[in-house]
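Just so it is clear, none of the values below were taken in a lab; they were calculated from the coordinates. From a predicted model like this one, the values you see are computed outputs, not experimental measurements. Positions of Cβ are backbone-derived with ideal geometry, glycine not excepted, and every protein chain shown enters the neighbour counts.
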Amino acid sequence: MLLDNDGITLKLDIYEGPLDLLLHLIKRNEVDIHDIPVSLITAQYLEYIEMMESLNLDLAGDFLIMAATLTHIKSKMLLPAAEVEPGGPAVEDPRMELVQPLLEHAAFLAAAEALGSRPQLDRDVFARGGEGLLTLDLPAGEKLPRPEQRIAKSSSFELVKAWHHLLSLRASEGMSLSFHMETVTIGERLGQIRRFLLEAKAAHFRELLGDGADSFELALSLLAILELARTGFLRLFQDHELDPSGPRLFLADPSAQAGPESLDYR
Amino acid sequence: MPSLKTIVEGLLFVSDQALSLEKLAEIIEDGSGPEGVGRAIEELNAEYALADRAFSIREVAEGFQLRTRPDLAPYALRLKRNTPAKLSKAALETLAVIAYRQPVLRAEIEKIRGVDAGGIIKTLLDKELIRISSRRESLPGRPMLYSTTHKFLETFELSDLASLPTIDELDNITPPSEARLF
């Protein structure tokens with residue numbers, strides 16, 4: 001990721017590509033993969049691209065190539081069908097060039113899901129021996145949510161949408177969307193959250209944000225929390241799907257170190 | 001003199017890795033052979049199921065291993081220090097492509113997934129779930145080919161690659177359904 005000083009360009013790795021976005025739209029519209037309503041899907045696809053561009057997501061060229069492909073197919077479909085001579089080769093549906101890769105992609109998504117639902121060693125099943133013991137440091141009276149509550153199904157496109165929504169909400173509240181570079185670095189923020197949690201043991205996401213947090217601080221806090229969760233310092237739980245206070249954070253392993261120096265993007 | 005069943009159980013209890021039928025038979029040396037050991041394992045598993053035991057003997061990566069039941073995972077996880085090594089959706093997808101198409105080029109993985117796979121391949125290599133198995137000599141630059149590892153089979157409780165469901169068996173993608181894809 002990269003944050004440069006004149007204007008802000010966030011470069012994020014996008015692990016879901018144009019095919020994922022297309023499948024996402026096909027599923028959301030509940031349309032048949034073999035009979036894609038190209039106009040509708042193209043319009044929605046371009047809407048997403050715009051949304052991602054407005055968020056400064058550095059769109060991989062693949063997304064734009066797919067946009068071009070969709071537009072091309074759409075225009076082909078608008079042309080009157082060519083005269084087909086009896087016995088001559090059938091005119092191919094211009095959508096065919098999309099269907100094959102989409103089907104293959106979807107098949108592997110299913111394969112991945114089947115793989116992921118297998119009992120996984122050290123996650124679902126355990127063999128003899130293994131790692132040390134965990135003493136989860138919870139405040140008195142706090143109970144760890146049950147594991148089945150931990151799973152949320154979502155895609156990064158939903159994340160883009162949610163973030164976009166959050167920012168536009170703040171804009172409509174009359175909050176400035178300008179970014180302030182002079183505030184804190186992510187390393188400092190990380191340290192603050194660490195110290196806060198070592199003391200409090202558990203907190204809501206909201207509690208970690210100051211009242212006047214702007215979108216830059218919001219993003220910074222989010223990155224710091226994700227980094228701390230990755231290193232095992234804290235664990236994230238969502239009590240209810242729509243908890244307005246956001247997910248809850250628990251101190252998991254006080255000894256886990258996140259390298260703040262590697263997180264200083266300033 | 002302990003029974004064959006008891007010896008098999010004892011050996012699996014002591015071992016920290018999966019043991020093949022051949023290996024077990026070789027250690028036991030009573031002439032039961034791999035078949036006899038296999039039958040003993042079946043009997044043990046039947047007993048465990050009947051007695052509601054916490055574990056059973058699972059066939060993994062061409063061997064057998066004592067493993068806890070999945071419904072004990074919440075408790076075991078509370079005991080363990082490390083949160084389970086989570087594989088992201090993207091990592092699972094990449095792993096699936098490699099598992100089914102191995103040995104496979106990075107370019108082929110990226111064509112199917114439609115996104116760059118470099119970072120994820122590195123993660124999977126680090127986790128030792130995949131390895132560089134060879135190079136495609138016929139292509140310029142001799143690009144690397146990726147395959148899954150023994151640890152992949154162990155992790156996903158697969159006795160071998162053939163026990164993966166075929167892609168056709170999974171191909172129920174046409175009707176849009178809720179819990180799928182995303």
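Some observations on this one:
- Net +/- balance of residues flanking B:G33 in space, Cβ distance below 13 Å, scoring K and R +1, D and E -1: -3
- Checking the Cα-Cα distances for B:K86/B:K122; B:K89/B:K127; A:K201/B:K86; B:K80/B:K127; A:K201/B:K80; A:K201/B:K127 against a 27 Å cut-off, the pairs over it are A:K201/B:K127.
- With one equal scatterer per alpha carbon and no solvent term, the Debye-computed log10 I(q)/I(0) for segment B:89-170 at 0.17 1/Å reads -0.66.
- For residues of B:6-18, the mean tally of beta carbons on other chains within 10 Å: 1
- Its Cα gyration tensor gives segment B:4-70 an equivalent ellipsoid, and the semi-axes of that ellipsoid, as √(5λ) in whole Å with the largest first, are 19, 13, 10.
- With the largest listed first and rounded to whole Å, the semi-axes of the equivalent ellipsoid of chain B from the Cα gyration tensor are 36, 21, 16.
- Peptide B:94-100 has a mean shielding of 4, counted as Cβ atoms of other protein chains within 10 Å of each residue's Cβ.
- Of the peptides A:65-75, A:18-28, B:91-101, the order by per-residue mean of other Cβ atoms within 10 Å, starting with the highest, comes out as B:91-101, A:18-28, A:65-75.
- Placing unit charges on the Cβ atoms only, positive for Lys and Arg and negative for Asp and Glu, gives segment B:4-70 a dipole magnitude near 320 debye about its Cα centre.
- 5 angstrom amide H check on B:G63, placed H, neighbours 5+ away: none
- Mean per-residue shielding of peptide B:58-67 is 2, counting Cβ atoms of other chains within 10 Å of each Cβ.
- Label-point separation, A:R230 to B:A162 (7 Å along Cα→Cβ), nm: 4.1 nm
- Taking the Cα centre of segment B:1-120 as reference, the dipole from Cβ charges on Lys and Arg (+1) and Asp and Glu (-1) amounts to some 860 debye.
- In this simple spin-label model, placing a label point 7 Å from the Cα along the Cα-to-Cβ direction at both A:L78 and B:D52 gives a separation of 6.9 nm.
- Considering only B:S159, B:A107, B:S133, and ranking their Cα positions along the charge dipole of chain B that arises from unit charges at the beta-carbon of Lys, Arg, Asp and Glu, the one farthest toward the positive end is B:A107.
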